[in-house]
1. Assigning unit charges at the beta carbon (Lys, Arg +1; Asp, Glu -1) and nothing else, what dipole magnitude in debye, to the nearest 20, does the chain show about its Cα centre?
2. Can you compute the modelled spin-label distance between Thr108 and Val55, with each label point 7 Å from Cα toward Cβ, in nm?
3. Quick one: compute the contact order of segment 18-130, relative version, from alpha carbon pairs under 8 angstrom and 6+ residues apart, as a percent.
4. On the protein heavy atoms, probe 1.4 angstrom, tell me the percent of accessible surface of the chain carried by carbon and sulfur.
5. Which of the DSSP-defined H helices in the chain satisfy a minimum axial length of 30 Å, computed from C-alpha atoms, and a minimum mean Kyte-Doolittle hydropathy of -0.5?
6. Work out, step by step, the length gained on full extension between Val17 and Glu68: first 0.36 nm times the residue separation, then minus their alpha carbon distance; give nm to one decimal.
7. Based on the Kirkwood radius over alpha-carbon pairs, what value in µm²/s does the Stokes-Einstein equation return for the translational diffusion coefficient of the chain at 10 °C and 1.306 mPa s?
8. Which Rg and Dmax, in Å, describe the Cα atoms of segment 70-135?
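The values are calculated or read from the model by the stated rules, or taken from the named source; none is laboratory data. Computed from a predicted structure; not experimentally measured. A quick note on method: Cβ atoms are made from the backbone with ideal geometry, for glycine too, and the neighbour counts reach across all protein chains shown. SASA here: full protein model, heavy atoms, side chains in, ligands and nucleic acids out. Shrake-Rupley method; radii C 1.70, N 1.55, O 1.52, S 1.80 Å.
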Amino acid sequence: MTWLLLLGCPQPSTTSVVDADYDVFVDQVQPVLEPRCSTPACHGNASRPLEFYAVGWHRADPDDDFLEGELDEDELVANFDRVRAFLARPVEDSLLLTKPLAEDAGGTPHVVTVYEDTGEPEYEALLDWASGGDE
Ligand code: HEM
């Protein structure tokens, strides 16, 4: 992890990991992040702190890369643990939310803007899960 600090890469929160709902993650968040973030040039590779497994892309077993088979429980749990490591309190400060959001809508610098504003349904789905359904 130290070499990531030297490279100035954002680090998963070092404070306690924010509690989040696994079943809602599988039903509501995985389907949003899979088509949006998971190509190998993006989060579909092991070099990203936010590494992400997805059907047809990056898999836990490299022999399964690009295969269409459903993710297994271990892959979904790994995604859940990595994604919630980018949650924070207050929830709007979560890198999971600020990175894909346009900077002029309150986002933080990121290689690409995924959501132009906080009113986009996918952003709202991420925010709803990230805030434990409170928002
Ligand atoms: C909703 C979709 C996305 C979310 C939630 C997201 C989230 C994040 C987060 C939390 C980080 C910091 C941790 C890390 O470095 O892995 C990050 C960085 C990064 N993401 Fe994404 N990302 C998304 C889409 C994308 C896409 C589509 C690409 C490729 C075009 C991408 C490429 C990168 C790269 C190269 C970095 C490291 C450099 C930087 O911080 O900009 N991401 N992203």
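1. My answer is approximately 720 debye.
2. Here the answer is 3.2 nm between the modelled labels.
3. 23
4. Reported share for carbon and sulfur atoms: 55 percent.
5. Qualifying helices: none.
6. Working it through step by step, the gained length comes to 15.3 nm.
7. Diffusion coefficient, whole number: 104 µm²/s.
8. My reading of the Cα-based Rg and Dmax gives 12.5, 38 Å.
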